[in-house]
1. By count of other Cβ within 10 Å, fewest leading, how are 105, 160 ordered?
2. Using Cα pairs closer than 8 Å and at least 6 residues apart in sequence, work out the relative contact order for the chain, in percent.
3. Over every pair of different alpha-carbon atoms in the chain, take the mean of 1/r and invert it; report that Kirkwood radius in Å.
4. How far, in nm, would the chain grow between residue 242 and residue 267 when pulled straight, counting 0.36 nm per residue and subtracting the alpha carbon separation?
5. Can you put 192, 158, 61 in order, fewest other beta carbons within 10 Å first?
6. Extension gain residue 17-residue 199, at 0.36 nm per residue separation less the Cα-Cα distance, in nm?
7. If each DSSP helix of 4+ residues adds -39,500 (n - 2.57) and the sum is divided by the residues in the chain, what number results at 222 nm, nearest 500 deg cm²/dmol?
8. Testing the spin-label approximation: label points 7 Å from Cα along Cα→Cβ at residue 250 and residue 135. State their distance in nm.
């Protein structure tokens, strides 16, 4: 992990005019371990290393120790992304106010490659496979920019007439950039990342999720590794799906030693064999 003073202020540019900046954080991998050992007392002494303990906590959904780490970000983002983002209600947020301050003339303009047709299979997504002509893309971008300029010009005219800022702003489009401070604990941040790093999430918010993930893994590298292994890159199976998997299981050639050879710790290997045994008994 980098020194804290080197990480504070780390900024990652997002989209055309946005960013994610680390403002501060409290705790790291050591804070997770410390909290867990207070909670579990002597019960954790059988886990010899911090990495093993953190991975144990993650795969068994012992989430409270991860809440001991808090991270605060300064984000600049389009309003339509902010409205998706704010659905994660477990964070503390303070946003730039158009009632008190004049909104800057900064709008998100998608790149040509991100202008696509509506997906025929996903009601809330874009089709990245179907070809769309360059002329159509350019016309869309041109109209977006023209409407942004017109709406901001009207906004400025209202301000010049001394119309209240809270009224003058109401016709500004969702493509306008806003800013906020966003503080969240690590457990709920991992939940945010699980949803927003997914390929089905909207491209623009995935850009911000990737930036936040990049910063987070530098603060808590062991916890982030366990998040990737047990949550982000894992799959869940229903009861019926497990019964189907049972038909393909061959436990005769599975042993703790072979599982260890394939990268699992002894504890992970034993737990994995226990899971396989439960499936075989369905």
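1. Values: 105 15, 160 9.
So the ranking, lowest neighbour count to highest, is 160, 105.
2. Values: 320 pairs, mean separation 70.9, N = 282.
Reported as a whole number, the value is 25 percent.
3. Values: mean 1/r = 0.0448 Å⁻¹.
This gives a value of 22.3 Å.
4. On the way: separation 25, 0.36 × 25 = 9.00 nm, distance 2.25 nm.
Roughly 6.7 nm would be gained on extension.
5. Numbers: 192 21, 158 17, 61 9.
So the residues, fewest neighbours to most, are 61, 158, 192.
6. 63.3 nm
7. Working: 12 runs with 128 residues, N = 282.
After summing the helix terms and dividing by residue count, I get -13500 deg cm²/dmol.
8. Roughly 5.9 nm, to one decimal.
Here, each number is a calculation from the coordinates, and none is a lab measurement. Source: prediction; values computed, not measured. For neighbour counting, all protein chains shown are included, and Cβ atoms are generated from backbone atoms with ideal geometry for every residue, glycine included.
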